[in-house]
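To start, the structure itself, in structure tokens.
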Amino acid sequence: MAHRPPFRGAAVGLSSLALAALGVLALAASAATMSLSLEGALDDPDEPMDFDFKHHDNTELPDVLRAVHRRCPDITRLYTLSENSVRGIPLYMIEFSVSPHKWQPHVPNVKYIANMHGNEVLGRELLLKLSHHLCERYIEGDPDIRRLINHTRIHLLPSMNPDGWQMATESGGKSFLIGRNNAHDVDLNRNFPDLDRIMFSNDEAHVAHNNHLLAQMDRLESPLEPEVKAVMRLIMQVPFVLSANLHGGDLVANFPYDETRSGAPSEYSRSPDDDTFRSLAQSYASVHPEMADPTRQPCTVNDYNFGKQGGITNGAAWYSVEGGMQDFNYLSSNDFEITLELGCDKYPPSSDLEREWLRNRDALINYMWQAHTGIKGDVRDAVTGRPIANALVHVTNVTNNVVSEINHDVTSVHSGDYWRLLTPGAYRVTVSAERYEPVTHLVEVTPRPRHEAQLLSFRLRPLSGDADDGPEAAPAAAHLRPGLHA
């Protein structure tokens with residue numbers, strides 16, 4: 001993650017119109033993915049694939065993904081993001097789903113992104129191996145992996161910063177800083193729009209707007225890097241529910257907020273979903289064999305052992321980050337993201353990679369299952385049955401008759417589907433939409449490990465006089481790139 005002051009540049013004016021011109025808010029303005037060609041074939045597609053535990057270079061990386069797709073063509077899709085890296089290297093992704101080219105109702109989207117800092121390379125190799133593992137275990141009939149892929153759309157971006165990886169590798173992989181930034185020498189984890197400041201200002205002014213805040217952005221501290229633009233478009237156009245950003249340099253699961261409210265170098269910065277984020281972080285740390293170990297040695301003599309607090313930390317309590325990807329996901333979309341620091345060595349030797357895979361494998365799988373915690377359902381017109389997009393889903397915790405508002409709403413997507421991650425407890429859920437009467441349901445969320453989230457759907461009646469001319473369902477492209485899952 002960091003260990004470096006936030007990147008700061010000259011302020012750049014950015015109106016909503018300018019954002020639309022960038023294709024960030026104009027979701028259907030341009031196709032943001034491109035399918036990969038699949039030249040060549042496996043010698044025997046029925047034989048299990050080999051996987052070499054090595055540092056795959058920027059040519060070998062897509063070759064691994066192509067091999068996985070050829071082995072598992074019915075449950076995978078390969079694509080590249082809308083922008084290449086500064087040096088022109090495509091940003092390759094692979095998706096796992098039983099319906100990789102077609103939208104699936106009630107199925108949550110999950111993503112892992114690695115190698116955002118080019119010299120933090122373990123996550124890159126873990127995601128390549130994860131793609132191989134998901135494919136092979138699905139073919140072998142592993143019931144847990146089959147159930148996960150049958151009920152989840154999984155997106156893997158092994159390298160967000162291939163240029164930085166190249167620079168780090170060419171320098172020997174030993175530098176704490178060489179290759180961290182992209183080819184413009186910009187830290188990508190300081191280059192996202194800083195929506196925390198908007199959220200904190202809204203809180204102070206008692207403004208009710210608490211979600212999807214990108215439209216309120218009117219200026220940037222620095223130009224958006226191409227790698228950041230590409231990921232922003234991905235976030236805006238795929239309705240992710242859960243994600244994680246894989247880093248290196250320590251061993252801890254870090255959760256929002258990453259930025260302090262006061263501007264102090266560090267302080268606990270609580271989000272409205274603090275309980276849920278703590279649970280998500282613990283779902284990884286508690287399965288990793290060392291992350292939550294209070295007796296393990298810290299990375300350096302003077303470092304803190306996060307194992308003493310269960311292997312998790314609030315990001316801002318560690319140090320404040322402005323313009324980070326983690327908080328951008330939470331405040332610009334329905335996505336709950338944490339940051340995983342996977343180890344002390346940012347560029348471990350190839351001989352350590354298999355051991356690191358075995359240490360992280362079960363935690364990576366367990367974390368993806370967390371997309372199925374809480375509740376999910378759809379929002380529809382009670383008269384016509386049409387799906388209602390962009391309905392607000394507001395939750396109040398009423399466990400043990402103690403009322404606590406969770407002031408972070410999620411919204412329904414183009415199909416009317418919504419997903420709301422929650423910890424076990426009693427909740428009052430209110431769904432509202434323009435020109436409709438709001439509806440409230442009470443629900444008891446119970447632990448359901450390795451199973452789909454509880455289903456809670458809503459049927460909204462049009463306000464008097466609007467029954468015949470209520471809003472049509474949003475087109476499929478409203479939350480998806482052309483050709484993605486339409």
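The values are calculated or read from the model by the stated rules, or taken from the named source; none is laboratory data. The shown structure was predicted, so the numbers you read here are calculated from the model rather than taken from an experiment. Every residue, glycine as well, gets a Cβ built from its backbone with ideal geometry; the counts of neighbours run over all protein chains shown. For the accessible areas, the whole protein counts, side chains as well, though only heavy atoms, and no ligand, DNA or RNA atoms are used. Shrake-Rupley method; radii C 1.70, N 1.55, O 1.52, S 1.80 Å.
Measuring between their Cα centroids, the stretch 363-428 and the stretch 308-327 lie 25 Å from each other.
Placing R0 at 22 angstrom, the Cβ-Cβ distance between residue 345 and residue 185 gives a FRET efficiency of 0.40 after rounding to 0.05.
Under the classification rounded if a/c is under 1.5, otherwise prolate if a/b is larger than b/c and oblate if not, where does the stretch 171-317 fall, given a ≥ b ≥ c as square roots of the Cα gyration tensor eigenvalues? Judged from the Cα gyration tensor, the stretch 171-317 comes out oblate (a/c at least 1.5, b/c at or above a/b). Here the 3J(HN,Hα) profile of the stretch 135-152, calculated from phi with Karplus coefficients 6.51, -1.76 and 1.60 at θ = phi - 60°, is 4, 5, 5, 5, 4, 6, x, 4, x, 5, 5, 4, 5, 4, 6, 5, 10, 9 Hz, Gly and Pro shown as x. Rolling a 1.4 Å probe over the protein heavy atoms gives the stretch 342-453 an accessible area of 40 Å² per residue. A 1.4 Å probe run over the protein chains yields, for the stretch 118-167, 21 Å² of accessible area per residue, whole-number rounding.
Within a straight-line Cα-Cα reach of under 30 Å, residue 174 can be paired with the following lysines, leaving aside sequence neighbours fewer than 8 residues apart in one chain: 54, 111, 129, 229, 308, 346.
List the relative contact order of the chain as a percent without decimals, with contacts defined as Cα pairs under 8 Å and 6+ residues apart.
Working: 1113 pairs, mean separation 84.6, N = 486.
Worked out over the chain, it gives 17 percent.
For the stretch 342-444, the relative contact order is 24 percent, taking Cα pairs closer than 8 Å that sit 6 or more residues apart in sequence and dividing their mean separation by the residue count.
Split the accessible area of the stretch 329-446 by element, probe 1.4 Å, and carbon with sulfur accounts for 47%.
Taken per residue, the accessible surface of the stretch 250-304 reaches 45 Å², heavy atoms only and a 1.4 Å probe. Relative contact order of the stretch 148-288: 15 percent, from C-alpha pairs under 8 Å at least 6 residues apart in sequence. Taking amide hydrogens as placed 1.01 Å from N in the peptide plane, the amide H of residue 377 sits under 5 Å from those of 418, 456, each at least 5 positions away in sequence or on another chain.
Can you give the extra length, in nm with one decimal, that the chain gains between residue 448 and residue 384 once fully stretched, where that is 0.36 nm per residue apart less the Cα-Cα distance?
On the way: separation 64, 0.36 × 64 = 23.04 nm, distance 3.30 nm.
My answer for the length gained is 19.7 nm.
Converting phi to 3J(HN,Hα) with the Karplus coefficients 6.51, -1.76 and 1.60 and the offset θ = phi - 60°, the stretch 335-345 yields 8, 9, 10, 10, 10, 10, 8, 9, x, 5, 8 Hz in sequence order, with x at every glycine or proline.
How large is the dipole of the chain about the Cα centre if only Lys and Arg carry +1 and Asp and Glu carry -1, each at its Cβ, rounded to the nearest 20 debye?
Details: 43 positive and 64 negative charges, 105 e Å.
Computed about the Cα centre, the dipole is about 500 debye.
Sorted from longest to shortest, the spans of the Cα atoms of the chain along the three principal axes equal 69, 55, 46 Å.
Just to confirm my numbers, what's the Cα centroid distance between the stretch 69-124 and the stretch 178-234 in Å? So the separation of the two Cα centres works out to 22 Å.
Accessible surface of the stretch 90-211, 1.4 Å probe: 55 percent of it comes from carbon and sulfur atoms. Per-residue 3J(HN,Hα) values for the stretch 214-226, derived from phi via the Karplus relation 6.51 cos²θ - 1.76 cosθ + 1.60 with θ = phi - 60°, read 4, 5, 7, 6, 10, 7, 10, 6, 7, x, 6, 6, x Hz in sequence order (x marks Gly and Pro). Here the dipole of the stretch 268-336 is about 200 debye; that uses its Cα centre as origin and unit charges on the Cβ of Lys and Arg (positive) and Asp and Glu (negative).
Take the Cα of residue 176, step 7 Å toward its Cβ, do the same at residue 57, and the gap between the two points is 3.0 nm. Between amide H atoms placed 1.01 Å from N, distances below 5 Å from residue 437 occur with 461, 463, all of them 5 or more places distant or on a separate chain.
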